[in-house]
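Asker: Here's a structure for you.
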Amino acid sequence: MSQTQKVDKQQIDYSAHAPSYDQSRFVGDANVYLEQLRRRTVHKLLGQADGTQRVLDVGCGTGRGLEYLASAGYRRVVGLDFTREMLAQAQTKVTGLGDYGLVRGDAFRLPFADSTFDAVMSLNFLHMFRLNLQQRILAEATRVCRPGGRLVIEFESIHKGLFVSRYLEQRRVKHRTKFNSLWEMRQLFPATQFDQVRVLGTELPKLHALFRHAPRLGQAVEAIAHVPPINWLAARVVVRAVKR
Ligand SMILES: C[S@@+](CC[C@H](N)C(=O)[O-])C[C@H]1O[C@@H](n2cnc3c(N)ncnc32)[C@H](O)[C@@H]1O
């Protein structure tokens with residue numbers, strides 16, 4: 001009997017990753033540099049906060065996105081995650097931040113009423129699920145977002161670098177990682193439901209190996225990843241869509 005593939009699971013337990021998650025992803029000059037690029041991209045799409053807007057971070061993990069929100073001036077924030085141990089790590093970052101709450105829950109059944117939030121964000125999360133599950137997660141995120149509010153969602157791009165290597169990589173890892181195409185992205189954010197859909201690339205392939213030593217120059221050069229059609233060649237893209 002075949003086992004359920006990781007991309008078909010709805011709840012992915014990260015308790016084994018929690019103790020080393022931040023150390024392995026956010027420490028070191030290459031990681032710090034990449035995070036600067038990603039944070040800048042998310043800030044650009046979220047816009048400056050006025051302090052009253054409510055924001056939800058779905059699959060918040062150890063609080064990477066919560067820190068982004070705090071540094072952009074957002075004061076009313078909820079982080080939701082399925083794994084208690086990840087939330088425990090996030091707690092250390094949000095203590096003392098004002099109206100920041102953490103909730104254990106499931107992205108497929110968000111424990112909030114319709115239109116609760118002004119913005120719903122999800123970073124480094126959707127790539128863990130197959131397209132039909134991504135659609136269901138986005139339907140829930142859209143439900144809890146108010147009309148006129150925005151979704152800000154990070155994806156892995158299958159067009160990374162325009163090299164065949166990414167397509168081959170997708171064949172190799174398709175049981176556990178989903179890279180999205182431009183066409184799938186259009187499908188996920190249909191014009192009937194969303195307005196002002198904007199896609200920014202975060203980092204271009206390989207450049208961090210060079211620019212981690214010159215981050216300011218790197219940020220200036222990699223800003224080109226925000227511009228279409230270069231945005232699709234980035235490793236990660238962030239989509240901002242306004243709910244109709
Ligand atoms: C790769 S981590 C990303 C964490 C964070 N957003 C970041 O960018 O660092 C994925 C997170 O999704 C959480 N997760 C998995 N399935 C979930 C579900 N159904 N609902 C909510 N969170 C889930 C895991 O516990 C884990 O913390």
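The values are calculated or read from the model by the stated rules, or taken from the named source; none is laboratory data. All figures in this text were calculated on a predicted structure; none of them were measured in a lab. Here the Cβ positions follow ideal geometry from the backbone for every residue, glycine too, while neighbour counts run over all protein chains shown. Please note that ligands, DNA and RNA were not included when accessible areas were found on the heavy atoms of the full protein model with its side chains. Shrake-Rupley method; radii C 1.70, N 1.55, O 1.52, S 1.80 Å.
Asker: All but one of (1) more than 21 Å from ALA16 (Cα to Cα); (2) within 11 Å of the ligand (Cβ to nearest atom); (3) open to solvent by 40 Å² or more (accessible area, probe 1.4 Å) hold for GLU140; which doesn't?
Answerer: Going through (1) more than 21 Å from ALA16 (Cα to Cα); (2) within 11 Å of the ligand (Cβ to nearest atom); (3) open to solvent by 40 Å² or more (accessible area, probe 1.4 Å) one by one, GLU140 breaks only (3).
Asker: Which of the residues spanning segment 18-31 are open to solvent by 70 Å² or more (accessible area, probe 1.4 Å), touching a residue at least 40 places away in the same chain (Cβ under 8 Å) and over 27 Å from PHE108 (Cβ atoms)?
Answerer: Of everything in segment 18-31, just one residue is open to solvent by 70 Å² or more (accessible area, probe 1.4 Å), touching a residue at least 40 places away in the same chain (Cβ under 8 Å) and over 27 Å from PHE108 (Cβ atoms), namely ASP29.
Asker: Condition (residue is farther than 30 Å from PHE211 by Cα, away from the ligand (no atom under 15 Å from the Cβ), of a type in the set (Lys, Arg) and surrounded by 13 or more Cβ atoms within 10 Å (Cβ to Cβ)) applied to segment 33-52: is it met by at least one residue?
Answerer: no
Asker: While we're here: So, of the residues in segment 1-17 that are in contact with a Leu (Cβ under 9 Å, 6 or more places away or on another chain) and not in a loop (DSSP other than H, G, I, E, B), which turns out to be surrounded by the fewest Cβ atoms within 10 Å (Cβ to Cβ)?
Answerer: Among residues in segment 1-17 that are in contact with a Leu (Cβ under 9 Å, 6 or more places away or on another chain) and not in a loop (DSSP other than H, G, I, E, B), the one surrounded by the fewest Cβ atoms within 10 Å (Cβ to Cβ) is ASP8.
Asker: Of (1) surrounded by fewer than 17 Cβ atoms within 10 Å (Cβ to Cβ); (2) touching a residue at least 24 places away in the same chain (Cβ under 8 Å); (3) within 19 Å of GLU203 (Cα to Cα), ASP106 satisfies all except one. Which?
Answerer: (3)
Asker: It is to be established whether one or more residues within segment 69-81 are at pLDDT 95 or above, surrounded by fewer than 19 Cβ atoms within 10 Å (Cβ to Cβ) and within 11 Å of the ligand (Cβ to nearest atom).
Answerer: No, segment 69-81 has no match at all.
Residues are listed down the side, and each one gets a yes or a no for (1) in a strand (DSSP E or B); (2) closer than 24 Å to ARG176 by Cβ; (3) modelled with pLDDT under 95:
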{"residue": "LEU97", "(1), (2), (3)": "no, no, yes"}
{"residue": "GLY101", "(1), (2), (3)": "yes, no, no"}
{"residue": "PRO111", "(1), (2), (3)": "no, no, no"}
{"residue": "MET121", "(1), (2), (3)": "yes, yes, no"}
{"residue": "LEU138", "(1), (2), (3)": "no, yes, no"}
{"residue": "THR142", "(1), (2), (3)": "no, no, no"}
